[in-house]
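Right, one structure below, let's go through it.
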Amino acid sequence: MTRALKLAFILDPLAGLKPYKDSTIAMMRAAAARGHQVWTIQRAALTWRDGVVIARALPIRLTEDDAPWYEIDGDELALPLTSYDAVLMRQDPPFDFEYVTATWLLEAAKEAGARVFNDPAAIRDHSEKLAITEFPQFTATSLVARDAVDLQAFIDELGDVILKPLDGMGGSQIFRVRADDPNRNVIIETLTAEGARTIMAQRYLKEIAEGDKRVLLIGGEVVPFSLARIPAAGETRGNLAAGGRGVAMALSARERAIAEYLAPILWARGLLIVGLDLIGGHLTEINVTSPTCMVEIATQKGFDVAGLVIDKLEQACA
């Protein structure tokens, strides 16, 4: 039997989490069900002094209900991150300077002996939009640029494209722009902040109607089901936050081939939990900050993704 682990989760404020769909809560429940201790940390509580990274942490007990979904299980304590068997960084974006600062602090904790997942340096080095540029063999025709001349030429060449910021999430500020769109100039001006900000342009993929597929990689293992985020009527974005509908389905041969190729590479970099986004068999994003969709896959297909995360943690901490 695996020994009981002491696990710390760095996450958003507990009161704002949605237990009926939150992947981090699913992981904490899976850990608690196996007898592991669960501690919660707010990112603002991370501190460094004299070579030691410490954070105030609150121990909790998970319930089977959604209201309340947890109970406080002891006093809040300020503990070094090395006192836990593993620390999981599950803070949602935006990936701003405070997020980057957290990765530096977590990297210092790792150098002192803490096990941190996802690896903080890997999180920092993997822009969720730009990471796909390492694997162009799997992507649709794409452009990263800030100059309006380059972006306008790309639109003219392809005729129908998607424009998006490099730091967005949940479908925020994603635009579909056709060559004859009368608003194309102002869209480019807005997204690039008059040429001061780099953005991404990608060929529009009509297969978005079949869903923006989230494929999860857990500790180098491919989850055999994706969650297809299917756009609402009249919408080009499949993101659940933008009104998309989530449907779990088996991976296609192309999706599995891409996932199987990337899984060992990303796991070797310390990325325990990765969410690939694919549309029509094309890789569009590699999500590493706080990938979700575990609950929907488990509910619809019975595959315990959160349990697989705990399996991998137990193996890493053995």
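Taken together, the values in this text are just the output of simple stated rules run on the coordinates, not laboratory data. Since the model is a prediction, treat every value here as computed from it, not as a measurement. Cβ placement follows ideal geometry from the backbone for every residue including glycine, while neighbour counts extend to all protein chains displayed.
Each residue in Ser142, Ser226 was given a count of other beta-carbon atoms within 10 angstrom of its own, and listing them fewest first yields Ser142, Ser226.
Using a Gaussian network for the chain with springs between C-alpha atoms less than 10 Å apart, which of these wobbles most: Gly16, Gly275, Gly307? Result for the chain, Cα springs under 10 Å: Gly16 fluctuates most. How much FRET efficiency would the formula 1/(1 + (r/R0)^6) give for Ala193 and Thr2, where r is the Cβ-Cβ distance and R0 is 41 Å, rounded to 0.05? Efficiency computed from Cβ-Cβ geometry: 0.20.
Compared with the alpha-carbon gap, the fully stretched path from Glu260 to Arg178 is longer by 26.1 nm at 0.36 nm per residue. Treating r as the C-beta distance of Ala209 and Glu134 and R0 as 41 Å, the FRET efficiency rounds to 0.90. Placing a pseudo-label 7 Å from each Cα along the Cα-to-Cβ vector at Ala233 and Asp12 gives an inter-label distance of 2.9 nm. For region 119-140 versus region 1-24, the spacing of their alpha-carbon centroids is 26 Å. Segment Ile72..Glu221, full-extension length gain: 50.3 nm, with 0.36 nm per residue of separation and the alpha-carbon distance subtracted.
Here the Karplus relation 6.51 cos²θ - 1.76 cosθ + 1.60, evaluated at θ = phi - 60°, turns the backbone of region 275-281 into coupling constants of x, 7, 10, 10, 10, x, x Hz, with x for every Gly and Pro.
I need the Kirkwood Rh of region 141-204: take the reciprocal of the average 1/r across all distinct C-alpha pairs and report it in angstrom.
Result for region 141-204 stands at 11.3 Å.
On the principal axes of its alpha carbon atoms, the chain extends 61, 45, 36 Å, with the longest extent given first. Here Arg146, Arg178 are placed in order of increasing Cβ neighbour count within 10 Å, fewest first, which gives Arg178, Arg146.
Consider a paramagnetic label point 7 Å from the Cα of Trp48 along Cα→Cβ; state which residues of region 117-134 have an amide N under 20 Å from it. Backbone N within reach: 117-126. In the elastic network of the chain, a GNM with C-alpha springs shorter than 10 Å, the most mobile of Gly243, Gly195, Gly51 is Gly51. Would you compute the Debye intensity of region 149-274 from its alpha-carbon atoms alone, equal scatterers and no solvent, and pass along log10 I(q)/I(0) at q = 0.13, 0.16 Å⁻¹ to two decimals? Results for region 149-274 at q = 0.13, 0.16 Å⁻¹ read -0.66, -0.92. Length gained on full extension, Arg34 to Ala318, computed as 0.36 nm times the residue gap minus the Cα-Cα distance: 100.8 nm.
Across Val177, Val186, Val295, mean-square fluctuation computed from a Gaussian network of the chain (C-alpha pairs under 10 Å connected) peaks at Val186. Applied to region 135-146, the Karplus parametrisation 6.51 cos²θ - 1.76 cosθ + 1.60 on θ = phi - 60° returns per-residue 3J(HN,Hα) values of 10, x, 5, 10, 9, 6, 4, 9, 9, 10, 6, 10 Hz, with x for Gly and Pro. Checking the cross-link pairs Lys21/Lys213; Lys129/Lys312; Lys129/Lys213; Lys164/Lys301 against a 21 Å limit on the alpha carbon distance flags Lys129/Lys312; Lys164/Lys301 as lying beyond it. Using C-alpha pairs under 8 Å with a sequence gap of at least 6, the mean separation divided by the residue count of region 141-204 gives a relative contact order of 50 percent. Residues whose amide H lies under 5 Å from that of Ala86, counting only those 5 or more places away or on a different chain, are Lys6, Ala8; hydrogens are built 1.01 Å from N in the peptide plane. The alpha carbon centroids of region 253-279 and region 281-318 are separated by 11 Å. Each residue in Glu255, Glu260 was given a count of other beta-carbon atoms within 10 angstrom of its own, and listing them fewest first yields Glu260, Glu255.
For the peptides 17-23, 119-125, the ranking by packing is 119-125, 17-23, with the highest mean count of neighbouring Cβ atoms within 10 Å listed first.
Evaluating 6.51 cos²θ - 1.76 cosθ + 1.60 at θ = phi - 60° for every residue in region 29-38, the Karplus couplings come out as 5, 5, 5, 4, 5, 9, x, 7, 7, 10 Hz, glycine and proline recorded as x.
Of the DSSP beta bridges with both residues in the chain, give the percent that are antiparallel, rounding to the nearest 5.
That works out to approximately 80 percent antiparallel.
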